[in-house]
1. So what J values fall out for segment 286-292 if you push phi through Karplus, 6.51 cos²θ - 1.76 cosθ + 1.60 with θ = phi - 60°, rounded to Hz, Gly and Pro as x?
2. Applying 1/(1 + (r/R0)^6) with R0 = 60 Å to the Cβ-Cβ distance of ARG203 and LYS444, what FRET efficiency is obtained, to the nearest 0.05?
3. Residues of segment 331-348 with amide nitrogen under 12 Å from the 7 Å Cα-to-Cβ point of ARG395?
4. Take every Cα pair under 8 Å in the chain that's 6+ residues apart, average their separations, divide by the length, and report that relative contact order as a whole percent.
5. Given [x] 21; [y] 17; [z] 24, which label gives percent of Cα pairs over 47 Å apart as computed from the coordinates?
6. Of LYS99/LYS514; LYS62/LYS285; LYS56/LYS255; LYS62/LYS93; LYS93/LYS372, which sit over 22 Å apart, Cα to Cα?
7. With r defined as the distance between the Cβ atoms of SER59 and SER219 and R0 fixed at 41 Å, what FRET efficiency is calculated, to the nearest 0.05?
8. Subtracting the Cα-Cα distance from 0.36 nm times the residue separation, let me have the gained length for LEU422 to ASP582 in nm, one decimal.
Amino acid sequence: EKPVLQCDVVIVGSGSGGSVAASVLANAGYHVIVLEEGARPTQHFGGEQEAQRYSKRLSYTKNGIPLWQGRAVGGSTIIHDGACLSLPPHICKEWAQSKGLLDFQPGGPYEKSVRAVLKRLQVTPPHHINQVNHKLRDACIQLGYRWQTIPQNLSPRKDQLSESGKYDRLSKDTTGFIAFGEDRYGQRITAGKTFLADAAKSRNCFLLDQCRVTRIETSNKSTVSKYPGVVFKQALGVSCQMAGSDKPISIQARKCVIVAAGALQTPLLLQKSGIRSPHLGKHLKLQPTVAVFGFSDTEPSSLAQGVNGHEGPAQTILCAEQEQGAGTIIQATSVHPGWIASQLPWTTAMQFKDRMRRFRNCVPFICTLQDKSEGTVRLCNGTPVIEYTLIEEDRNKLLGALHIATKMHIASGAKEVTTTNLRDKGIFTHDPTVVEEYLGQCLKMNDIEPCLVSNAQMGSCRMSSSPADGVVDMYGEVWDCQQLFVLDGSILPSATLVNPMITILACVHMLSTKLAQRLRAADGISVDEETAARAHQIELVRVHHRLELNQEMMRQVVLKKTVKVVVGLAVLISLFLLWFLDLFSSSG
């Protein structure tokens, strides 16, 4: 027999969602087991080459768009670049009004959770702005664009602090080395250092890394008896396997099962476990980005003279000129040789070599889109398939952002500019006529899909106020199954435009706090009347949904039986007619 472990709550995934849920529930007194398929990362990743980091953390859509994922204890927080931006107010308003998610209203529970998350992550204004971000800010000022600084959750090294504890600008800033999954000097404040550590301190949480969950175990018999005739599917636990072993392990959850494996893995696990919803694995948002490169000089520079985009925090300035209109923002990012080499277009060997020689002068601006395009995540013969197609409206918005980013490079004094388009030869900016022609070409670029990269995925199990619109309810509980919750980026109703880490952390903090209150109520511990009333309202919606499903199932059963009866009668009539014709012909 396979080994059996028991707990109150089992959580699949240890990233932005799983870590917060574990912290809240463990500190509420519940015994929690967290399962993570990836390994525990070492504090410093300096021994890895860029190619090794990319191969571990990249997946691809069917048409080749790279998708960054965490795949380790801490999930996507270990590849986060330190930028901590809250959900823009106009998107909060949209979720509250258009989606019916009232917790996102101004002054609601979500805002309270945002404050709690920012405090725990030690988010502060940037301690340093590097030259790449300086150029972005200078371009915004020169062109009259709106801009803002980006708060950070990066800690400077002790040798970068003066005796008074302030950042010493004369010392070498190494926070640029946190990009793309690296943390050479341990400066990133991750989920492992905060929320998972809080859960461990409670002594109610146990973490199993390198453990792959194969299925969520469910039962079709509900323990709820106050709604006669209504049968709910109910989550009982999970089946999993440790790395290097083919022996299955069963983990039984007395209270609930939480899936927090991310927007790509969560819908696949639910599909394998027999969860049904017309929205499951659909509405996938990739929030695609595309880069524009500027070179501040036409000749290679020394370390002392170069822009040195690998030094300092990656993203400290944001251009918000088209944030609400076109739904795009422009930011800078870190410069590392492998990433630059993979993104620069190849036209001729000599041009590519010349650009790589000027690596220290490279300034990348990246354009991010709040996409209306939607993708899908599904299983095809047991193999995960991710599909995503950019609609024409989103393509035009990205091209408009490329156009603006190119103008910003020119305004900041770039000597050469190029996009990541494979056919783009780029231009030297000394000739105004060539510049104007190139800016016009940016708006007509057709093959932009090969240039796209996704740093964040969301929406594939979206939250809704009705089972007709999403996979989970306003508490994160799956409409189709009791005691099964999804608490990660897959429940976000739309793309967030900014990096979604803070949004996911705050959203899960809010929902797991409500879950703790709900579990306490089930244990006989009193909760406030508003919480009880909203929980009862959701329960009634769920019962109504289950009754509708039961009626639909009965209609399908009746239809199948009717079809069988009709087919049987048709066969009998056909046989009778054949017999009659045969009898008539023989008598004739």
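No lab work stands behind these numbers, since they all come straight from the coordinates. Treat the numbers as computed from the prediction; the structure is a model and nothing was measured. Don't worry about glycine lacking a Cβ; one is built from the backbone with ideal geometry, like all the others, and counts go over all protein chains shown.
1. So the J values, rounded to whole Hz, are 9, 6, x, 10, 9, 10, 10.
2. On the way: r = 61 Å, r/R0 = 1.02.
Taking R0 as 60 Å, the efficiency between ARG203 and LYS444 is 0.45.
3. none
4. Values: 1239 pairs, mean separation 123.5, N = 588.
Here the relative contact order equals 21 percent.
5. [x]
6. Details: LYS99/LYS514 19 Å; LYS62/LYS285 15 Å; LYS56/LYS255 34 Å; LYS62/LYS93 34 Å; LYS93/LYS372 17 Å.
In this structure, LYS56/LYS255; LYS62/LYS93 lie more than 22 Å apart at Cα.
7. Numbers: r = 33 Å, r/R0 = 0.80.
It comes to 0.80.
8. Working: separation 160, 0.36 × 160 = 57.60 nm, distance 7.44 nm.
Between LEU422 and ASP582, full extension yields 50.2 nm more.
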